[in-house]
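Some notes on the structure that comes next.
The values are calculated or read from the model by the stated rules, or taken from the named source; none is laboratory data. Treat the numbers as computed from the prediction; the structure is a model and nothing was measured. All Cβ positions, glycine included, derive from the backbone under ideal geometry; neighbour counts span all protein chains shown. Accessible surface is based on the protein model in full, side chains and every heavy atom, while ligands, DNA and RNA are left aside. Shrake-Rupley method; radii C 1.70, N 1.55, O 1.52, S 1.80 Å.
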Amino acid sequence: MKRQAFFISDGTGITAETLGHSLLAQFESIEFEQITLPYIDSIEKAQEVVQRLNNSAENGTRPIVFDTIVNQDIRDEISKAEAFKVDIFATFLAPLEKELNKGSSYTVGKSHVGGNNKSYLARIDAVNFALDNDDGSKIKHYDKADIILVGVSRSGKTPSCLYLALQFGIKAANYPLTEEDLGSGDLPSALKPFKNKLFGLTIDPERLAAIRNERKANSRYASLNQCYYETEEVEMLFRRMNIPFLTTTDLSVEEISTRIMVETKLNRRA
């Protein structure tokens with residue numbers, strides 16, 4: 001079974017996507033074609049959306065719509081479509097207004113405030129830090145890191161650093177442990193002064209081989225034997241050096257990052 005799901009917003013669509021993805025993920029037996037339509041901020045654009053939704057419904061199944069439209073006229077227009085509609089703001093804001101005895105501001109983009117907002121600036125600073133300190137490129141900045149992710153190549157370090165930065169404002173660096181590092185049985189000298197900041201990532205060797213083959217097919221780097229060797233050695237190193245670590249095999253980047261926050265007791269900065 002396959003259904004179309006639309007995330008519609010008069011802003012970026014991030015809020016609609018976030019909640020919509022979480023809800024749809026509970027239906028593992030259904031395949032969803034997910035489509036985001038951001039900046040639907042006029043009646044004309046809304047009418048085009050309605051036509052697209054109605055065209056989708058012609059195959060016999062209504063599309064599912066998650067929307068965070070603020071403007072009531074635009075919401076009314078989209079409600080004319082032949083679709084199952086989840087109006088996120090109407091669903092959650094109305095009960096909150098009743099409980100707080102106060103009307104909401106209904107401001108477009110209110111959930112993603114930028115400008116001089118300290119939280120926003122902290123995230124941007126952290127993202128720049130993660131990009132500047134990727135793959136052990138600038139170890140001289142490690143004293144400023146909140147955390148340093150270590151692990152073999154393609155174990156999930158870079159995306160986790162970026163997510164920690166963007167979602168939590170955490171300054172995360174990452175350092176790849178190479179075959180040479182693992183053969184020494186000790187931490188690289190660049191990491192020793194920052195041992196208390198280290199957090200390890202590991203991964204199932206067969207999954208690692210599949211990921212590496214997408215990058216360098218049929219290479220020694222991607223071979224199953226090499227992947228088994230590296231993951232076994234890195235896990236022994238983590239245990240020997242008492243470095244906390246996490247297996248990323250079946251985890252999304254969101255889950256990896258959140259578990260890191262919990263296990264390290266880092267306080268979010270944004």
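Given the C-alpha centroids of the stretch 229-249 and the stretch 19-51, what is the distance between them in whole angstrom?
Cα centres, the stretch 229-249 to the stretch 19-51: 41 Å.
Accessible area per residue, 1.4 Å probe, Å², for the stretch 147-219: what's the number?
42 Å²
If we count every other residue with Cβ under 11 angstrom of SER56's Cβ, Lys/Arg +1 and Asp/Glu -1, where does the sum land?
That sum, taken over residues with Cβ under 11 Å, equals 0.
5 Å is the cut-off here: which amide hydrogens, built 1.01 Å from N in the peptide plane, fall below it relative to LEU37, excluding neighbours closer than 5 in sequence?
For LEU37, the qualifying residues are PHE7, ILE8, SER9.
Between (1) -0.49, -0.69; (2) -0.58, -0.79; (3) -0.41, -0.62, which matches log10 I(q)/I(0) by the Debye sum over Cα atoms at q = 0.09, 0.11 Å⁻¹ calculated for the structure shown?
(2)
Given the DSSP H assignment, sum -39500 (n - 2.57) over each helix run of at least 4 residues in the chain and divide by its residue total; what's the result at 222 nm in deg cm²/dmol, nearest 500?
-13500 deg cm²/dmol, from helical runs alone.
How big is the dipole moment of the chain about its Cα centre under a simple scheme where the beta carbon of each Lys and Arg is +1, that of each Asp and Glu is -1, and everything else is neutral? Debye, nearest 20, please.
840 debye
Of LYS118/LYS157; LYS144/LYS265; LYS98/LYS118; LYS157/LYS197, which pairs sit farther than 24 Å apart, going by alpha carbon to alpha carbon?
Going by Cα-Cα distance, LYS118/LYS157; LYS98/LYS118 fall outside the 24 Å limit.
Decide, for the stretch 127-208, between rounded, prolate and oblate: order the square roots of the alpha carbon gyration tensor eigenvalues as a ≥ b ≥ c, take rounded if a/c falls under 1.5, and otherwise choose prolate if a/b is larger than b/c, else oblate.
oblate
What is the pair-distance distribution P(r) of the stretch 10-163, computed from all Cα-Cα distances in 5 Å bins starting at 0, with each bin given as a whole percent?
Going out from 0 Å in 5 Å bins, the stretch 10-163 shows 1, 7, 13, 14, 14, 13, 11, 11, 8, 6, 2, 0 percent.
State which stretch of the chain is the longest one without any exposed GluC sites (Glu not before Pro), exposure meaning a DSSP loop state and at most 11 other Cβ atoms within 10 Å.
Result for the longest clean stretch: 59-270.
Label-point separation (nm) for THR249 and GLN51, each offset 7 Å from Cα along Cα-to-Cβ?
Here the answer is 5.1 nm between the modelled labels.
Quick one: pull the percent of accessible area on the chain belonging to carbon and sulfur, 1.4 Å probe, ligands and nucleic acids left out.
The computed percentage sits at 50.
Taking the Cα-to-Cβ direction at LYS118 and at ASN225 and moving 7 Å from each Cα, how far apart do the two end points lie in nm?
The answer from the label model is 5.7 nm.
Using modelled amide H (1.01 Å from N, peptide plane; none on Pro or chain starts), what sits under 5 Å from the amide H of PHE245, excluding residues fewer than 5 places away?
The answer is GLY200.
Between LYS216 and GLU44, what length in nm is gained on full extension when 0.36 nm per residue of separation is reduced by their alpha carbon distance?
Going from the current span to full extension adds 57.2 nm.
Which whole-number percentage describes the relative contact order of the chain, with Cα contacts under 8 Å and a sequence gap of 6 or more?
Once divided by the residue count of the chain, the mean separation gives 15 percent.
With the crude spin-label approximation of a point 7 Å out along Cα→Cβ, what separation in nm comes out for LYS192 versus ASN71?
Once both label points are built, they end up 6.4 nm from each other.
Placing +1 on the Cβ of each Lys and Arg and -1 on the Cβ of each Asp and Glu in the chain, which of ALA270, PHE32, ILE74 has its Cα farthest towards the positive end of the resulting dipole?
Of the listed residues, the answer is ALA270.
Compute the length gained on full extension between ARG240 and GLU179: take 0.36 nm times their separation in residues and subtract their Cα-Cα distance, giving the result in nm to one decimal.
Once the chain is fully extended between ARG240 and GLU179, it gains 20.3 nm.
Can you tell me, using C-alpha contacts under 8 Å and at least 6 residues apart, the relative contact order of the stretch 121-270 as a whole percent?
Computed over the stretch 121-270, the figure is 28 percent.
Could you calculate the contour length gain from HIS141 to THR264, that is, 0.36 nm times the residue separation minus the distance between their Cα atoms, to one decimal place in nm?
42.3 nm
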